[in-house]
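To start, the structure under review is shown below, and the notes come after it.
The values are calculated or read from the model by the stated rules, or taken from the named source; none is laboratory data. Since this is a predicted model, take the numbers as computed values, not measurements. Neighbour counts run over all protein chains shown; Cβ positions are idealised from the backbone, glycine included. The area values use the complete protein model at the heavy-atom level, side chains included, leaving out ligands, DNA and RNA. Shrake-Rupley method; radii C 1.70, N 1.55, O 1.52, S 1.80 Å.
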There are 2 protein chains.
Amino acid sequence: MRLAELSERSGVSITTIKYYLREGLLPPGERVSATQAEYDEEHLRRLRLARALVQVGRVPVATARKVLAAVEDESVDQLTRLGTAVSALPHGPAPSGADGAVDAARRTAEEVQRRLGWRPVPGNPAHGMLVSALATLIRLGYPCDVDQLLPYGRAAAAIAGHEIALIEEFGAPTTQLEAAVALTVLYEPVLLSLRRLAQAEEATRRFGTQT
Amino acid sequence: MRLAELSERSGVSITTIKYYLREGLLPPGERVSATQAEYDEEHLRRLRLARALVQVGRVPVATARKVLAAVEDESVDQLTRLGTAVSALPHGPAPSGADGAVDAARRTAEEVQRRLGWRPVPGNPAHGMLVSALATLIRLGYPCDVDQLLPYGRAAAAIAGHEIALIEEFGAPTTQLEAAVALTVLYEPVLLSLRRLAQAEEATRRFGTQT
DNA sequence: ATGATTGGATAGTGCCACTCTCCGAACGGG
DNA sequence: CCCGTTCGGAGAGTGGCACTATCCAATCAT
């Protein structure tokens, strides 16, 4: 198909697709002549995934390029590709450094992981994200001790189990990786909005009966 | 205290504090002379909360102003203030409109809430956020039927129950509202990073034994 | 008295996701 | 074969946003 059709079927404007091509989010189409290129269903899927990452997942364009590159890199094994792709996703700023709050947060984070029976993964950026968020809570004076966090951890474990099982159902390796990335990013707003809805439900149940 | 001390104790640069004052994130200090103003501990708390919302919660400055204004608006009752504050938080784009995916997403969202026993809250922006995210998943061809979503909903309910109970422990109404906003926003990265850590744990457990 | 500091206002910076505009080559109906 | 249309590509420009650099006059400390 041509650029115009790709644009129509994906709902992404032609100029934006050109921009994505320039930024490497999308591989170039198969050149059929000096000024014409042909795109296939694979391009359409990639474009939709890229669009979802950028718009829904708020992943910066440069980051999305790395993620998609890792998904397609067939030179390494599945688990490494998955790790590379997920590590490239945004994680917020790393903890500032020498700070009492950061030290306390780091200790809490490690204790939580130990209590949940998770093996520590030193290089995981999600760990830095957790420490940074906990340090902020501590600085604001809000409680975030281990007992507070365990319910979150158990909820996360339940969800993750579900997700990994779901991903296993996708056959081809690249399809699995695409699914892993898509589900990791796109279920974030689902989880957060369900949490807010649950909060609203619980708040009205406790604080008031009307409206 | 003076601006300089407020800056030092909060870790926010003087120019940024001035910017926040201009944007209404922080009430002006008490004018002690034509060119001097005095700030108190309340300003420090507000500043730290605003900073956390903007930096960690990625809340736009204009949005943070509305949220903080709702928290301090003592002219209405607690639950309304809470609703206003949380509604002002960012929710991503609303669903596009006339689209088969959006319709299916809306039906799924309502069914999930029904199955979880949550009363439908029509005006809640979190609902739009959920529908929008589900529509994106549907467009990408990933499963997000009711059975997939129920574990997320149950996890969200468990977490929300914990949080509302925690908020009730804060005495003063304004303090409670501040806590509600802070916990809603600042626990988001905590929850998401725990989910990613849980995914990593589960993935290594199933897909490989080393690294 | 006087140099430093303070609070306030205005304009500018840097980043980022697009988007506008132009170009020359190719397609295709007549 | 002709010519208006469409195509892909490339560089510069736009708008939004979170700051930030600079300046100014009043005031404080010595």
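Kindly indicate the residue of the stretch A:1-20 that is part of a helix (DSSP H, G or I) and open to solvent by 40 Å² or more (accessible area, probe 1.4 Å) and also farthest from DNA strand D (Cβ to nearest atom) among those meeting that condition.
It comes out as A:ARG9.
Among the listed residues B:ARG31, B:ARG22, B:ARG58, B:ARG9, identify the single one that is within 15 Å of DNA strand C (Cβ to nearest atom), touching a strand residue (DSSP E or B) at 6+ places or on another chain (Cβ under 7 Å) and outside the structural domain of B:VAL181 (by TED's automatic domain parsing).
When all the criteria are applied, what remains is B:ARG31.
Here is a yes/no grid of residues against (1) within 7 Å of another protein chain (Cβ to nearest Cβ); (2) within 18 Å of the chain's Cα centre (by Cα):
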site	(1), (2)
A:ILE159	yes, yes
A:THR174	no, yes
A:ALA180	no, yes
A:GLU188	yes, yes
A:LEU192	yes, yes
A:ARG196	yes, no
A:ALA200	yes, no
A:ALA203	yes, no
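Under 30 Å from B:GLY117 (Cβ atoms), buried (at least 21 other Cβ atoms within 10 Å of the Cβ) and modelled with pLDDT of 90 or more: does that describe A:LEU197?
So A:LEU197 passes the test.
Sort through A:GLU23, A:GLU74, A:GLU38 and tell me the only one that's in contact (Cβ under 8 Å) with a residue 12 or more places away in the chain, more than 16 Å from DNA strand D (Cβ to nearest atom), more than 18 Å from the chain's Cα centre (by Cα) and open to solvent by 30 Å² or more (accessible area, probe 1.4 Å).
A:GLU74
Yes or no: B:ARG45 more than 13 Å from DNA strand D (Cβ to nearest atom), surrounded by 14 or more Cβ atoms within 10 Å (Cβ to Cβ) and not assigned by TED's automatic domain parsing to the domain that holds B:LEU186?
In short, yes.
Criterion first (within 17 Å of B:LEU186 (Cα to Cα) and either facing chain B (nearest Cβ under 10 Å) or not acidic (Asp, Glu) (or both)) does A:VAL146 satisfy it?
yes
So is A:VAL54 assigned to a loop (DSSP other than H, G, I, E, B) and either more than 10 Å from DNA strand D (Cβ to nearest atom) or under 22 Å from B:GLY141 (Cα atoms) (or both) or not?
When the stated conditions are applied, A:VAL54 does not pass them.
Is it true that A:TYR152 is of a type in the set (Phe, Trp, Tyr), under 14 Å from B:HIS162 (Cβ atoms) and open to solvent by 10 Å² or more (accessible area, probe 1.4 Å)?
Criteria not met by A:TYR152.
Taking the stretch B:114-141 only, how many residues are at the interface with chain A (Cβ under 7 Å from one of its Cβ atoms), under 17 Å from B:ASP103 (Cβ atoms) and more than 20 Å from the chain's Cα centre (by Cα)?
Selection size over the stretch B:114-141: 4.
Which condition breaks for B:PRO90 when tested against (1) modelled with pLDDT under 90; (2) away from DNA strand D (no atom under 13 Å from the Cβ); (3) surrounded by fewer than 18 Cβ atoms within 10 Å (Cβ to Cβ); (4) within 14 Å of another protein chain (Cβ to nearest Cβ)?
So B:PRO90 meets the others, but not (2).
Among the numbered criteria (1) open to solvent by less than 60 Å² (accessible area, probe 1.4 Å); (2) in contact (Cβ under 8 Å) with a residue 24 or more places away in the chain, which one does B:GLY123 miss?
Condition not satisfied by B:GLY123: (1).
Tally up the residues in the stretch A:163-190 that are in a helix (DSSP H, G or I), of a type outside the set (A, V, I, L, M) and surrounded by fewer than 20 Cβ atoms within 10 Å (Cβ to Cβ), please.
5
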